Amino acid sequence: MAVAALPQVTPPTYHRIVSPTLQVPADEKVSVPVGLLACQRDPLLREITTTVISATVSQAPTPSSNGRKSKKEKAAPAPSEPLIEVILHDTVIFPEGGGQPSDVGLLTSSDGDVWSVVEAKRHGGHAVHYVRSKDQSADAALRAFMPGTRVGVALGDEGWKRRLDHTCMHTSQHLLSAVLDSRNIPTLSWSVTAWPTPCYVEIPRNMSADELASVQDEANRLVFEDRSVYVEVEELHGANTSDQAKLENGRAVNQVLPADYTGGVKRTVIIEGVRPQPIVKERQMEFDVETDPETMYDLFGDDYECFAEGPVWVYVLERRRAVEVWATLMGHPDPAVAREETPNALRALYGTSVLQNAVMGSPDSPTAEFQISAIFASSPPFPTTDLPDVGSAGLTSGSVRSMSSSVLSALRRTGSSGDSGKSPFKARKLPATHAAPDIVPRMSRAASLRAGIPVEKTSGPRGPISKERLAQTFENVPGHKRSSTITVASTAPPTVAPRMTRRRAPPRPSPA
């Protein structure tokens, strides 16, 4: 039996804001948008003190667009007392959304009265608390939660039990979906429901018993390995109005954010090592820096001189914030500085000087797109592991000679420094097979026309073959009809008869 103790506080690295211009609003006259709430920054936080932004009497649910009531609206009983919709500057009560049910909790007004929060919902980008009035009149609740009033918001015992169950199930869903995705089984939809209703994950097909056992074993292994879980938060640029693929029932497939979300924040849950980001293209290349320096400068800027020492490996990394992540992995441009600041960075391990600092990367996403489209013009990157050899004998100066390669095996075989103190990591030489072939293959007439090579015209359509040509063609061919006789092997009896047996031999004359 294994027992895991829940940490008393959330690790400081759990909530990571990756957009440089994004920050939690400090003005208490403005509500913190959903995505940056205190309950999302620190899931183990149970209570805070905050400020009321607004309080209104809750209205009856609006009917559906078709004029009919939905199943939820029909099943929901009318509250016995009025509900007050309260918006706070910040909260520890998670609003329903993203497949996870709402938390429940308590609000403590300035006079010490405790009010029950029966539900929290997201309206656009705001978290709205539904507070139950203590009598049939909502006036007392409206007075207790006037805008600008300081109140306490807490989960309470029941709210904490519910929160703990929801967070465990929610993280489990992310882990399960990641394991399923590694087997090409996407998650169409999912829902974390309140206990004791079971949670579910919807997938496009049935799974065999062996697949279920394999997924369960891998998920349990990752759980017991105690992988770290953190959230990356970034700004959501543009309106969330992109068209989504839908199922027959109208449910969106792999919808990242609800269509009505207006908070401007995007959160991504990351489980360490569960979804490694692939390298979608790798290739060895050799650039001619001296012949066409202007083109090299347009592509790589001042770093183009680094390519003068021979072949290099070029990789296309596909992942979120690929430019920022790769810049962190590279380290400072000066290897000496990188060894002091980030000893495990690539430039610290393999760089020898500022000009020969082992690696380089695109400074921003537009530049990366320009470089990729220019270098891989004939074969755009696509998710694969075994890339075919790409080479040509008719390459001009300043172009690229390339072939599939794997730098990972070379990195594993080499260390950060050799016996002489220099990096033993060297790009391999281009094989002789990439040179011009000694024997030029025969080119068909169609291939010659496509290449622009002039082709001699034929003398017109062929006529019937003459009798003389036919006779010459089939001359001395046994079995073919011909006008003259030919000499063939003799079919007459042999001159020397074979030896006969005693029984078949004629009777001998008896002696006198």
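Just a few scattered comments:
- Simple spin-label estimate for GLN356 and SER191 gives 6.4 nm between the two label positions (7 Å along the Cα-to-Cβ direction from each Cα).
- For the stretch 211-238, the residues whose amide N sits under 15 Å from a probe point set 7 Å from the Cα of SER172 along the beta carbon direction are 216-224.
- A Förster radius of 45 Å combined with the Cβ-Cβ distance from TYR297 to ILE203 puts the calculated FRET efficiency at roughly 0.35.
- The modelled label-to-label distance between VAL223 and ILE372, using points 7 Å beyond Cα along the C-beta direction, is 3.7 nm.
- Each label point was placed 7 Å from the Cα along the Cα-to-Cβ direction; for TRP313 and GLU81 their separation is 6.8 nm.
- Mean Cβ count within 10 Å, highest first, over the residues of peptides 166-173, 143-150: 166-173, 143-150
- Residue ranges 31-41, 297-307, 330-340, 363-373 sort as 31-41, 330-340, 297-307, 363-373 when ordered by packing (mean number of other C-beta atoms within 10 Å per residue, highest first).
Quick note: the coordinates plus some simple rules give every number you see, no bench work behind them. Keep in mind that what you see is a predicted model, and the values were worked out from it rather than measured. Every residue, glycine as well, gets a Cβ built from its backbone with ideal geometry; the counts of neighbours run over all protein chains shown.
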